[in-house]
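What follows is a short report on a single structure.
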Amino acid sequence: MAITTSHHTIHIERMLPAAPARVFAAWSDADALGRWYLPGDGGWRSEILAHDFVVGGRKYLSFGPPDGPTYFEDCRYEDIVADARICSSMTILREDERVTTSMVTAEFLPDGNTCRLIVTDQLVLLSGEDNEADRERGWGETLDKLMVEIKR
């Protein structure tokens, strides 16, 4: 198998009808995160296996479609500023194969009575099977579920 590497930056913004503290809480609380943090359609499943929300802590989860394959997200929190910013290094594995690694920054900016959420994913694709468009779509699907979560 040929080794491939490509670099991309994905930048997604959403205006969310809640204060930054409410949106930040949906990322920091393991129960809330388990309800919305999942790419894919409604048939995909996810299980948070670890969530230690402190600088240096780990988020580890499995996810994927019901008929496989199983993906794992292995994340380390690099920087946390309450209600304002989360920076994490993240590696996605398909079964035991590393397919991407990235630095993800989520910024929670006040805008009147709403939150301007900016997610920047500095992505390295390690497998020719994945692509930037899939990751961008996955973030979009995930943030759509966040919108539902903050309205709970």
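Each reported figure results from applying straightforward, stated rules to the coordinates on display, with no laboratory input. Only a predicted model underlies this, so the values are computations on that prediction, with no experimental measurement involved. When we count neighbours, we look across all protein chains shown, and the Cβ atoms used for this are built from the backbone with ideal geometry, even at glycine.
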Q) Here are GLU78, GLU47, GLU73, GLU107: which of them is touching a residue at least 24 places away in the same chain (Cβ under 8 Å) and either surrounded by fewer than 15 Cβ atoms within 10 Å (Cβ to Cβ) or not hydrophobic (A, V, I, L, M, F, W, C) (or both)? A) GLU78
(Q) Report every pair of residues separated by at least 6 positions or lying on different chains whose Cβ atoms are under 7 Å apart, first residue within region 17-36 and over 20 Å from ARG58 (Cβ atoms), second of a type in the set (Val, Ile, Thr) and in a helix (DSSP H, G or I). (A) ALA18/ILE150; ARG22/ILE150; VAL23/ILE150
Q. So which residues in region 53-70 are closer than 17 Å to SER88 by Cα, among the charged types (D, E, K, R) and either loosely packed, with under 13 Cβ neighbours inside 10 Å or in contact (Cβ under 8 Å) with a residue 24 or more places away in the chain (or both), if there are any at all?
A. LYS59
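Looking at the structure I just gave you, is SER28 within 14 Å of the chain's Cα centre (by Cα), under 19 Å from ASP144 (Cα atoms) and not basic (Lys, Arg)? Let's see the steps before the verdict.
Working: within 14 Å of the chain's Cα centre (by Cα): yes; under 19 Å from ASP144 (Cα atoms): yes; not basic (Lys, Arg): yes.
Against the criterion (within 14 Å of the chain's Cα centre (by Cα), under 19 Å from ASP144 (Cα atoms) and not basic (Lys, Arg)), SER28 qualifies.
Hand me the list of strands (runs of 3 or more DSSP E) wholly inside region 1-66 holding 2 or more residues that are more than 18 Å from VAL81 (Cβ to Cβ), of a type in the set (Gly, Ala, Ser) and touching a His at 6+ places or on another chain (Cβ under 9 Å).
none
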**Q.** Enumeration of residues in region 115-152 that are among the basic types (Lys, Arg) and surrounded by fewer than 15 Cβ atoms within 10 Å (Cβ to Cβ)
**A.** ARG137, LYS151, ARG152
Q: Just one of (1) in a strand (DSSP E or B); (2) over 16 Å from the mean Cα position of the chain (by Cα) trips up GLN122, so point out which.
A: (2)
